[in-house]
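In what follows, a single structure is set out as structure tokens and then discussed.
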Amino acid sequence: MPSSNERRIEELQRILEKLVVEATSGTPIIVEGPRDRESLERLEVKGDIISVKTSGKTLLDVLQEIESCSKGEVILLMDFDRRGKEMTARIIKNLEKSGVKSNLVFWKKLSSLVGRDVKDIEGLAKYLQTFNRKLGRDAPSSSFWDSLL
């Protein structure tokens with residue numbers, strides 16, 4: 001029978017697999033910074049990942065970029081700290097004015113699973129690797145996901 005830690009990793013994997021599907025289908029993902037984007041890419045989340053804190057861009061510039069590429073919905077994955085929550089609220093408010101729906105399902109699920117251990121999206125890939133090592137899953141693999149199985 002799997003331990004609670006193994007169940008947590010399995011649930012985290014399911015959430016990330018659904019995120020991969022959403023990103024592949026074209027739903028833009030909004031993150032705070034470039035390192036958050038890199039972490040998602042290491043987790044094989046490919047697609048339109050927009051960083052809010054990109055050098056030289058104002059929040060208004062980023063909102064316009066989101067509106068121009070959006071299919072009516074975006075996935076918000078800000079950090080799990082107070083500043084991330086505040087930024088999420090600001091973005092939601094501004095996107096609502098443009099008729100763009102903000103999907104917080106992934107953020108809420110990730111936050112509930114790892115919010116005490118991981119403060120930002122940037123830390124997800126490292127968290128999974130560390131957790132995996134603790135569970136004794138060190139075997140080299142062809143992809144990141146293979147190493148989690």
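The GluC sites (Glu not before Pro) of region 1-83 that meet both conditions, a loop assignment by DSSP and at most 16 other Cβ atoms within 10 Å of the site Cβ, are Glu44. Over all other residues within a Cβ to Cβ distance under 10 Å of Lys53, the charged ones net out to 0, with Lys and Arg as +1 and Asp and Glu as -1. Computed over the chain, the quotient of the alpha carbon radius of gyration and 2.2 N^0.38 Å is 1.07. Residues whose amide H lies under 5 Å from that of Ile49, counting only those 5 or more places away or on a different chain, are Ile29; hydrogens are built 1.01 Å from N in the peptide plane. Close amide H partners of Asn103, meaning residues 5 or more places away or on another chain with modelled amide H under 5 Å apart, are Val74, Ile75, Leu76. Once backbone amide H atoms are built at 1.01 Å from N, Phe80 has Asp120, Ile121 as its partners under 5 Å, excluding neighbours fewer than 5 places away on the same chain. Between 0 and 90 degrees, the angle of helix 59-69 with respect to the longest Cα principal axis of the chain falls at about 80 degrees. If R0 is 22 Å, what FRET efficiency do you get for Arg8 and Asp81 from their C-beta distance, rounded to 0.05? Computed FRET efficiency for Arg8 and Asp81: 0.60. Of the residues Val45, Val21, Val118, the one that moves most in a GNM of the chain with alpha-carbon contacts below 10 Å is Val21.
What is the chain's relative contact order, in percent, from Cα pairs under 8 angstrom and six or more apart in sequence?
Result for the chain is 26 percent.
Computed from backbone phi with θ = phi - 60° and the Karplus coefficients 6.51, -1.76 and 1.60, the 3J(HN,Hα) list for region 28-45 is x, 10, 9, 10, 6, x, x, 5, 5, 4, 4, 4, 4, 5, 5, 8, 6, 8 Hz; x is used for glycine and proline.
Kindly provide the helix-only [θ] at 222 nm of the chain, computed as the sum of -39,500 (n - 2.57) over DSSP H runs of four or more divided by all residues, to the nearest 500 deg cm²/dmol?
Numbers: 7 runs with 84 residues, N = 149.
Rounded to the nearest 500, it is -17500 deg cm²/dmol.
Going through the cross-link list Lys18/Lys119; Lys57/Lys134; Lys53/Lys134; Lys71/Lys134, which pairs have a Cα-Cα distance over 31 Å in this structure? If you can, show how the numbers build up before the last one.
Working: Lys18/Lys119 21 Å; Lys57/Lys134 40 Å; Lys53/Lys134 33 Å; Lys71/Lys134 40 Å.
Exceeds cut-off: Lys57/Lys134; Lys53/Lys134; Lys71/Lys134.
Values quoted throughout were computed directly from the atomic coordinates according to the rules given, and no laboratory measurement underlies them. Because the structure is a prediction, the values reported are computed rather than measured. For neighbour counting, all protein chains shown are included, and Cβ atoms are generated from backbone atoms with ideal geometry for every residue, glycine included.
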